[in-house]
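See structure below.
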Amino acid sequence: MIPNRIQENKIEYNSVDAAMWFIQATKSYWQYTGDLNFMRVILRVLRKIIDAYKNGTSYERFGSEQTIKMDENDALIVSPPQATWMDADPSGTGKTIVTPRNGKAVEINALWYDNIRFLAKLERHEKNSLKAKDYDSLANDIKRSFNSKFWNWSENALLDAVEGDSHGGAIRPNMVLAVSHGGDLLPENRQIGVVESARKDLLTPGGLRTLSPRDSQYRGIYDTYLPMNEKDLAYHQGTAWPWLIGPFCDALASVRLCQGESTTSIRHEIARNIGPLVRFCVESPYRSLPEVFSGDPPYEPGGTTSQAWSVAEVLRTLEKHNIIEEKHSRMNS
């Protein structure tokens, strides 16, 4: 696992997703650099992470053991409350967790699937055919279980969490990661459904809302100046997060290609969706992007005035989809 905080006399763990994102980071590093020597070294670490999640790992929090483990019946990862990025707890005691998301969370299992496929690819590259075969077999099991358990037929979208959180059927942006980072986890028609659901219910000029406005628990205003125990109630219950625009644009590009759209048309649509954030950054006195925006108009900024992952995802998206290059080309012409 990867700790949340390292202090002088204490190491605090409270994250099921950090290790999954670490594997994604190594995957991106290899794609960008082709550095095989590093991948051979890091492969041993990646195997340990996968084995720990498969066989079970845990951390102590609030006086009890919190376990992360693969369910052997369906190959999906089970995690405790407050272990994902949606971790608000106004009291800080574990008794007022706003979005527990315990059980099997959608993005954790999407990352789990893609990471297993990635390790299978690495093992094949290193001529470890038996290990690669085992990983691919496990990934096939995950894929079957994921599609069986997470699909929300009534919404043509994905459930947020199953077999745990009582509000796991909420329409939240975490499902988008199953398209942006899930590879072939979902069939094309389901990928399209997820993106359209997110576009319809979650997309704002400030990023994606953390909950559909149709939900009875939705809170559309995030007031930075309220006490923590009040504003935390809105933190992941409708507040929009700029960083989520990156996965959304990646997922959008993928499904639009499936629908036969041209790359130029896709770039224009991505530019329209990310444009308000770019404009805000340029016009802001901080020349940066904040942590969050309110989910309701006029989409007031909130949280920290300059947030690393807000800026990083916008920059990554602009570069990946050649939005800046296209804009310069149009200006020059």
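The values are calculated or read from the model by the stated rules, or taken from the named source; none is laboratory data. This one's a predicted model, so the numbers in the text were calculated from it and none came from an experiment. Here Cβ is always computed from backbone atoms with ideal geometry, including for glycine, and neighbour counts include all displayed protein chains.
Test of understanding: among L119, L138, L159, which residue is surrounded by fewer than 23 Cβ atoms within 10 Å (Cβ to Cβ) and over 30 Å from L203 (Cα atoms)?
Criteria check complete, one pass: L138.
Output the residue which, of all residues in the range 1-54 that are under 18 Å from E123 (Cα atoms) and among the β-branched types (V, I, T), is nearest to the chain's Cα centre (by Cα).
I23
Considering the range 93-129 alone, what residues qualify as being of a type in the set (V, I, T) and over 14 Å from the mean Cα position of the chain (by Cα)?
T93, T96, I97, V98, T99, I116, listed by residue number.
Does the range 292-306 contain at least one residue that is in contact with a helix residue (DSSP H, G or I) (Cβ under 6 Å, 6 or more places away or on another chain) and crowded, with 20+ Cβ neighbours inside 10 Å?
There is no residue in the range 292-306 that is in contact with a helix residue (DSSP H, G or I) (Cβ under 6 Å, 6 or more places away or on another chain) and crowded, with 20+ Cβ neighbours inside 10 Å.
Quick check: is even one residue across the range 69-90 touching a helix residue (DSSP H, G or I) at 6+ places or on another chain (Cβ under 9 Å), assigned by TED's automatic domain parsing to the domain that holds T26, over 23 Å from S148 (Cβ atoms) and of a type in the set (D, E, K, R)?
Checked against the condition, which is being touching a helix residue (DSSP H, G or I) at 6+ places or on another chain (Cβ under 9 Å), assigned by TED's automatic domain parsing to the domain that holds T26, over 23 Å from S148 (Cβ atoms) and of a type in the set (D, E, K, R), the range 69-90 yields no hits at all.
Looking only at the range 53-68, how many residues end up being part of a strand (DSSP E or B) and either surrounded by fewer than 19 Cβ atoms within 10 Å (Cβ to Cβ) or assigned by TED's automatic domain parsing to the domain that holds E230 (or both)?
Counting residues in the range 53-68 that are part of a strand (DSSP E or B) and either surrounded by fewer than 19 Cβ atoms within 10 Å (Cβ to Cβ) or assigned by TED's automatic domain parsing to the domain that holds E230 (or both) gives 7.
Here's a check for you: in the range 307-333, which residue that is among the acidic types (D, E) and surrounded by 15 or more Cβ atoms within 10 Å (Cβ to Cβ) is modelled with the highest pLDDT?
E313
Residues in the range 169-186: is at least one at positive phi, surrounded by fewer than 21 Cβ atoms within 10 Å (Cβ to Cβ) and of a type in the set (G, A, S)?
Yes, the range 169-186 contains a residue that is at positive phi, surrounded by fewer than 21 Cβ atoms within 10 Å (Cβ to Cβ) and of a type in the set (G, A, S).
Checking Y29 against (1) assigned to a helix (DSSP H, G or I); (2) in contact (Cβ under 8 Å) with a residue 12 or more places away in the chain; (3) not aliphatic (A, V, I, L, M), which single condition isn't satisfied?
All conditions pass for Y29, except number (2).
Within the range 141-156, work out how many residues are over 22 Å from the mean Cα position of the chain (by Cα) and crowded, with 17+ Cβ neighbours inside 10 Å.
Total meeting the criteria: 0.
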